[in-house]
Amino acid sequence: MPGPMRGRGGFAKPKDLKKTALRLLGYLTQSPLPLLLVLLCLVTSVATNIGGTYMLRGIINNFIWSGCTDFAGLAQAVLVLVVVYVAGCAAAYGQSAVMVRLAQRGVNRLRKDLFDKLQALPLSYFDQHPHGELMSRFTNDADNVQMALEQSVVSLCSSVLMFAGLVSMMLFINWKLFLVTALLLAVTIVLFKTLGGRSRKFYRAQQSALGNMNGEIQEIVEGLKVVKAFTHEEQAKAGFDAHNEALCDAMTKANTYANILMPAVMSLGNLQYALIALLGGALAINGIGGT
């Protein structure tokens, strides 16, 4: 009943990561106009976020901190700020709605290409790969690709634009405070690289264990009559338990490192906030301000 390549898992590292990523992005670029709309909404969302923050700084300094009694001017400034933030929310909604459709259509074409490729493969390929592993390509792996196209691509572009905009604004306002931020940012990057690398290794093991377990279930279900005919129920249970335990162990380790990462980053963020508040207060007391 077991195939000759039963020990192989569902994970396979791409030979050329750059080429693979560009090929996946190609499923998005087949619809250029919606993609341009997503980029426009993305730039608008980032610009309104950064611009709104800078406008809020002016409202606090010019009206609240200074004790200004120009309530008409304050109301006008707040109204402009509300309009900016509403425009940002509308842009974020438009970006999300269009990107969902693009990702769904892209994965739809990906599944079609995958199924067409499956029909052209020789019989020896199916002998060397469990049926559960092949089914995982159409279900679990396709869903992961959809999530990557739908969220990760936009998040990456948004983070790059937001980072560039915030760095420019911080340098414009006060370069001394920016140095503190840059130092803690470097520590955060090192933390991401260390914990993220270990988490990525266990997520690969999780995908491999998932492919093995799916293959085990598929083979047992298809050969259930043979299992009962030769009274191999206990061996089948033992085989499934081994694959199930391997998957549980890999998922536990992967999620453990992933769950450690966010509290660590939040702690560094709180430390960064405290250091900037301390340094900013010292600069303010000594009469050294930014732009």
- request: Give the number of residues within the range 106-124 that are open to solvent by 70 Å² or more (accessible area, probe 1.4 Å) and either over 28 Å from L39 (Cβ atoms) or touching a Leu at 6+ places or on another chain (Cβ under 9 Å) (or both).
  value: 7
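In the list G67, G88, which residue meets the criterion of being small (G, A, S) and either assigned to a helix (DSSP H, G or I) or in contact with a Phe, Trp or Tyr (Cβ under 6 Å, 6 or more places away or on another chain) (or both)?
Only one candidate passes the filter, namely G88.
For A21, state whether it is closer than 21 Å to S152 by Cα, small (G, A, S) and free of Cβ contacts under 8 Å to residues at least 12 places away in the same chain.
Considered against the rule, which asks whether it is closer than 21 Å to S152 by Cα, small (G, A, S) and free of Cβ contacts under 8 Å to residues at least 12 places away in the same chain, A21 comes out as yes.
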query: If you take the residues of the range 125-141 that are open to solvent by 70 Å² or more (accessible area, probe 1.4 Å) and of a type in the set (S, T, N, Q), which of them is nearest to the chain's Cα centre (by Cα)?
result: T139
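Given M251, M266, which one is closer than 26 Å to V167 by Cβ and under 33 Å from the mean Cα position of the chain (by Cα)? Please lay out each step first, then the result.
Values: M251 fails: closer than 26 Å to V167 by Cβ.
Just one listed residue meets the conditions, M266.
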statement: Exception for A284 within (1) crowded, with 16+ Cβ neighbours inside 10 Å; (2) modelled with pLDDT under 80; (3) aliphatic (A, V, I, L, M) falls at (1)
Residues of the range 111-134 that turn out to be of a type in the set (S, T, Y) and assigned to a loop (DSSP other than H, G, I, E, B), as a count: 0
- prompt: Restricting the first residue to the range 161-188 and requiring it to be closer than 24 Å to A282 by Cα, which pairs with a second residue that is modelled with pLDDT of 85 or more and of a type outside the set (A, V, I, L, M, F, W, C) meet a Cβ separation below 8 Å and a spacing of at least six or different chains?
  reply: M169/T53; M169/Y54
task: Hey, could you check the range 189-202 for residues that are free of Cβ contacts under 8 Å to residues at least 24 places away in the same chain and within 17 Å of Q272 (Cα to Cα) and say which is farthest from the chain's Cα centre (by Cα)?
output: V190
- prompt: Quick one: what pairs do we get from the range 215-227, first residue more than 19 Å from N140 (Cβ to Cβ), second charged (D, E, K, R), C-beta under 8 Å, 6+ apart or different chains?
  reply: V227/E233
field: Tally, over the range 142-156, of residues that are surrounded by fewer than 16 Cβ atoms within 10 Å (Cβ to Cβ), closer than 27 Å to G51 by Cβ and touching a helix residue (DSSP H, G or I) at 6+ places or on another chain (Cβ under 9 Å)
entry: 1
- request: May I ask you to verify whether A87 is more than 30 Å from F240 (Cα to Cα) and crowded, with 16+ Cβ neighbours inside 10 Å?
  value: yes
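The values are calculated or read from the model by the stated rules, or taken from the named source; none is laboratory data. Just so it is clear, the model here is predicted, and its values are computed rather than measured. As a convention, Cβ positions derive from the backbone with ideal geometry for all residues, glycine included, and neighbour counts pool all protein chains shown. In case anyone asks, the SASA skips ligands and DNA or RNA and just uses the protein heavy atoms, side chains included. Shrake-Rupley method; radii C 1.70, N 1.55, O 1.52, S 1.80 Å.
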